[in-house]
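Everything below concerns the one structure shown next.
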Amino acid sequence: MKPKKLTQLLIIGILVTCITILQPLITLALTRQEIDAIATQVTVRITGTRNGSGVIIKQDNNTYTVLTNFHTFQEKGRFEIITPDGVTHQLNKISRVGSSIDLATLEFNSNRRYRVVELGDSTKITRGRDIYVSGFPADKGLNFLRSEISRIDPPEKGGYSLVYRIGAFPGMSGGPILDENGKLVGIHGKTDYILVPPHDSTSEEYGIPLHTYLNVSKRYDKLETLLKAQNFREADLETGRVMLAVANRQNPGWLTLEDAKKFPCQELRTIDNLWLKYSQGKFGISVQQEIYKNLGGTQQYDDKVMESFGYRVGWKYGGEWLNYNSLNFTLSAPKGHLPTRPFIMACWGQWLGWGSWCDVVLPLLKTCRV
């Protein structure tokens, strides 16, 4: 075979090999019509005291989870979800995401099959990137709009940082922001109007990146795993780590009186609900609150009440407050025995029963009725 012919064959072989290897890595952006079809299948309408939109993000057997804006539910009332097939569903759960983010998850049950949106990587969204927003203006059909990210701000109140212009309408809040592959990268939720001299105005829309939701929603994954396995000692330690993260107090590693007063009640309820669920109602902050209240406890510190409380929950024995390593981390422990870390973190050490413990924790128990 001639050298020139052999060289050509080698080049062709190398090209074929490279294409074969790289082919799985090559993804082509979907057409606008294809993304529209996805948006149509995953976007839901929310009706009630206020109207909004949402996106189906999870299915667990017959239970579906919808991600939307929290501000839609700030006015109490009855709300329903209308799925893409026109069927109306009752909500069986509304949960705020975090304590300062304008996001909420909703749950509804159905035997019908609905499409769940694919989650994208919002950390890779950059200025100039194409996005698609869908949602239901009040009493109108689904709107599907295309735009580009014009700016990415530091997270503002509610978690908003993605900035774009699509001409959104009321009722579209909570609708999905999709990327060029039809994957969820954010939640649309806010419009600001900017005055342009002398008399005109223009608008900018804002969205919350998906990773903001994921970071918060995964905060309790480890705690739930430990509680489900009834590894109560590690779950107690994880409870402390989570609370310090919420309060942004990883260093120095304890809570002050002001931290306790400002600790978000929603986060405390989440912690409490997990402890209640996996201890069959035996452990939890609300259990401890109830015991403390029944003993006559108030926000005012009382030595006798605290001593009775310590004996009742098993933190005190034989006239002494127990060392942390002497506590009982099994279901055989007295009712209300766990968790302890919310209290220990408020002390200047690893022992229970210090005066500062009561000064710090009681306001938290008082203001956050879980």
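Only the coordinates and a few stated rules stand behind these numbers; no lab work does. Bear in mind that the values here come from a model prediction, so they are computed numbers and not experimental data.
Observations on the structure shown:
- Of all lysines in the structure, the ones whose alpha carbon falls short of 19 Å from that of Lys261, not counting any fewer than 8 places away in one chain, are Lys293, Lys366.
- The phi-based Karplus calculation (6.51 cos²θ - 1.76 cosθ + 1.60; θ = phi - 60°) puts the 3J(HN,Hα) values of region 230-245 at 6, 8, 5, 5, 5, 5, 5, 5, 5, 4, x, 5, 5, 5, 5, 5 Hz, whole numbers, x for Gly and Pro.
- Rg followed by Dmax, in Å, when region 262-321 is reduced to its Cα trace: 13.0, 37
- Over region 132-191 - Rg/Rh using Cα atoms and the Kirkwood inverse-distance radius: 0.95
- Prolate/oblate/rounded call for region 108-235, Cα gyration tensor, a/c under 1.5 rounded: prolate
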